[in-house]
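The values are calculated or read from the model by the stated rules, or taken from the named source; none is laboratory data. As the structure is a prediction and not an experimental result, all values here were calculated from the model. In this analysis, Cβ positions are derived from the backbone assuming ideal geometry, glycine residues included, and neighbour counts consider all displayed protein chains.
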Amino acid sequence: MAIDELLDEREQGERVKAWLRDNGLGLVAGLVVGAALIFGYHYWKNRTHAESVAQHGAYQTAMLDIRSGELDKAAQSLAGLPDTAYSELAALQLAKAQVEQGDRDAAIATLEGVDGTEPGVAAVVQQRLARLLTDAGRGEDAVRLLAGAEDAVSLEARGDAHFALEQTEQARADYAQALRQLDSAAPQRGLVELKLSEVGGTPDEPEVES
């Protein structure tokens with residue numbers, strides 16, 4: 001027979017009381033910590049959701065302003081947004097509209113204000129900004145912006161900046177490297193080949209998939 005079965009109810013009760021005296025504080029503390037964690041999680045979740053809704057609303061407002069041609073209002077809406085995918089996408093649309101209205105400098109300022117927290121969007125921002133800088137006679141700034149370029153589009157844009165600066169050798173190297181990143185069916189391949197030929201390069205024959 002087990003020892004606990006030999007104890008009467010009073011002895012078992014005393015054991016429970018003794019255990020609570022020894023461990024009750026830790027038990028209560030654990031419950032408090034657990035409750036705090038649950039409360040904290042729900043608070044964070046609700047706050048994050050509210051912030052996301054607010055950011056989406058500001059993005060929609062900015063996009064409506066852009067479509068209606070009220071670009072100054074759109075810029076003000078974006079200024080109050082933290083750097084997120086919403087603000088970065090809206091900045092790209094705003095810069096596009098500013099260029100279409102002939103305000104290249106405003107478009108440059110818009111894109112320069114993007115920190116680029118979203119890697120995929122950041123690459124597009126850099127490419128468009130580099131092209132605008134080159135067009136504005138700021139080729140050196142464009143080259144610095146794309147110093148770490150590895151993808152074909154960025155390499156081509158950097159090549160354009162070098163070409164504008166009459167740095168033929170560097171432009172040739174960038175165009176050649178861009179072509180190596182492109183397969184034979186890439187739509188921009190023909191244009192890059194023309195640019196490479198213009199700076200004295202010879203396009204390599206693209207590899208044909210078997």
Over the stretch 161-194, the set of residues modelled with pLDDT of 95 or more, under 22 Å from residue 129 (Cβ atoms) and exposed (fewer than 15 other Cβ atoms within 10 Å of the Cβ) is 166
Residue list for the stretch 148-158, restricted to those being touching a helix residue (DSSP H, G or I) at 6+ places or on another chain (Cβ under 8 Å) and small (Gly, Ala, Ser): 149, 152, 154, 157
Can you name the condition, by its number, that residue 197 falls short on among (1) surrounded by fewer than 13 Cβ atoms within 10 Å (Cβ to Cβ); (2) without any contact (Cβ under 8 Å) to a residue 12 or more places away in the chain? (1)
Selection over the stretch 122-151 where residues are among the small types (Gly, Ala, Ser) and buried (at least 21 other Cβ atoms within 10 Å of the Cβ) yields a count of 4
